[in-house]
Amino acid sequence: MLVDVKVPVLAESIPDATLLDWKKGPGEAVARDEIILELETDKVVLEVPAPQAGVLSEVLKNTGDIALSEEVLARIDTEAAATATAKGGDGGAQAVPAAQAADEAAGSDTLSPAVQRLVAEHDLDASAITGTGKGGRLIKGDVLAYLDAHKPSPAAPAAKMPATAAKPATPPAPSGARGERRESMSRLRMRIAERLVEAQHTAAILTTFNEVDMQPVMALRKRYKEQFEKTHGVRLGFMSFFAKAAVQALERFPAVNAYIEGNEIVYHDYQDIGVAVGSPRGLVVPVLRNVAQMSFADIEAAIAEFGAKAGDGTLTVEEMSGGTFTISNGGVFGSMLSTPILNPPQSAILGMHKTQERPVVVDGEIVVRPMMYLALSYDHRIVDGREAVLFLVTIKEAIEDPARLLLGV
């Protein structure tokens, strides 16, 4: 029986997908749920598993082709036989059913594209690495940790070979060589470029700045971080404080949590906050849903999971869709100050930056404090300057006096 391999149902905001890579070729045996191809959309790389075990009998799309939602990409023959080596009495090869051959070859776990690349590049045995992902799944961090723990020791100098066996060395590249190359932009990079230009052409973007004394939050974190991690099983970072402060400010200034649609303003009675995360494929913005109802531990756990998925390439379209406000932390890369660009159709984005000790005046005295610059870029068509400044001041006050986050003042 022939079974169709189809493009998964895509979200309304994603019109099509590009076929990125075939993991199996025509005539090869595949196991049920084995990853046989990858699709790249504007937001994520989708892994397409085999719906049934069998032999990949027909491939209808090639690498680089565009495919629509639920379009047929290939067909699997579930009744075909594949040749697999089975040790019999005479040591010869025997033909076994394709489903059995594929199941024996596939193993119990499937690897993400990022993990597959690392394993292949370093010629590793994936079964020898302990997975720490969900359900014991092997993630990129596991492979990197394994590589760090198994670095080869410096090799002894090789014995000199006879002159007759020596091969002429490849001449080094000329000093100051000026090469160049062209690479096709990924779907994600093209989408990022499109949305950033759209934001610049559509919105009236303005940025307001402030600075915040991080000492109170840093002291609170230092005091409770061990107990917090022991109780909740996740580390206490700074993003949860800023997410909660943003919720408080968004409730006070609803225009910052709204967007323009035609001649109307759409207000949200909830706060879904996108957190910008760097990934090997580019910047992605997974979304924390209903942050007002989340605890600090919930926020930190969700952000940690998003970070792992971003590095592993397993974020889903649903996890990156929507959002009413965005927080971007360029400070993790050392940025001191920036003017973040809006994430359409949102009306504002908060930029965090590097915390650095600076002299400031407190109660008439010059003291050294860990200070961070904050930037709020906003759409001036819907957010007035007064609202933007007071919004940022609200976040500043909440971070400098964290008790406000508990008391709602």
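Between residue 21 and residue 144, residue separation times 0.36 nm minus the direct Cα-Cα distance comes to 41.9 nm. Couplings 3J(HN,Hα) of region 287-295, computed from phi: 10, 7, 8, 6, 4, 4, 8, 8, 7 Hz, in residue order, whole Hz [Karplus 6.51 cos²θ - 1.76 cosθ + 1.60, θ = phi - 60°; x for Gly and Pro]. Were the residues from residue 210 through residue 222 laid out at 0.36 nm apart, the gain over their Cα-Cα distance would be 1.9 nm.
Among beta bridges from DSSP that stay inside region 314-368, the antiparallel ones total about 50%. Taking the centroid of alpha carbons for each part, region 378-393 and region 271-293 are 22 Å apart. Projecting label points 7 angstrom from Cα along Cα→Cβ for residue 180 and residue 121 puts them 2.7 nm apart. Put the Cα centre of region 325-340 next to the Cα centre of region 177-220 and the gap is 8 Å.
Across the cross-link table entries 140/396; 140/244; 23/225, which are compared at the Cα atoms, the separations over 32 Å belong to 140/396; 23/225.
Tally Lys and Arg at +1 and Asp and Glu at -1 over the other residues with C-beta under 11 Å from the C-beta of residue 280: what net charge comes out? Its environment carries a net charge of +2. Dividing the Cα radius of gyration of region 173-302 by 2.2 N^0.38 Å, with N the residue count, gives 1.45.
In order along region 190-206, the phi-based Karplus estimate (6.51 cos²θ - 1.76 cosθ + 1.60, θ = phi - 60°) of 3J(HN,Hα) comes to 5, 5, 4, 4, 4, 6, 5, 5, 4, 4, 5, 7, 9, 8, 8, 7, 9 Hz; Gly and Pro are listed as x.
Straight-line cross-link reach from residue 6 at under 16 Å between alpha-carbon atoms covers these aspartates and glutamates, not counting any fewer than eight positions away in the same chain: 16, 21, 33, 34, 38, 40, 47, 58, 65, 70, 71, 77. Taking a ≥ b ≥ c as the square roots of the eigenvalues of the Cα gyration tensor, region 191-407 is classed as oblate, since a/c reaches at least 1.5 and a/b does not exceed b/c. Most simply put, region 191-407 has about 80% antiparallel DSSP beta bridges, counting only bridges with both residues inside it.
Computed from the coordinates by the stated procedures, all read-outs in this text should not be read as laboratory data. Bear in mind the structure is a predicted one, so any value in this text is a computation, not a measurement. Counting neighbours? That spans all protein chains shown, and the Cβs are built from the backbone with ideal geometry, glycine included.
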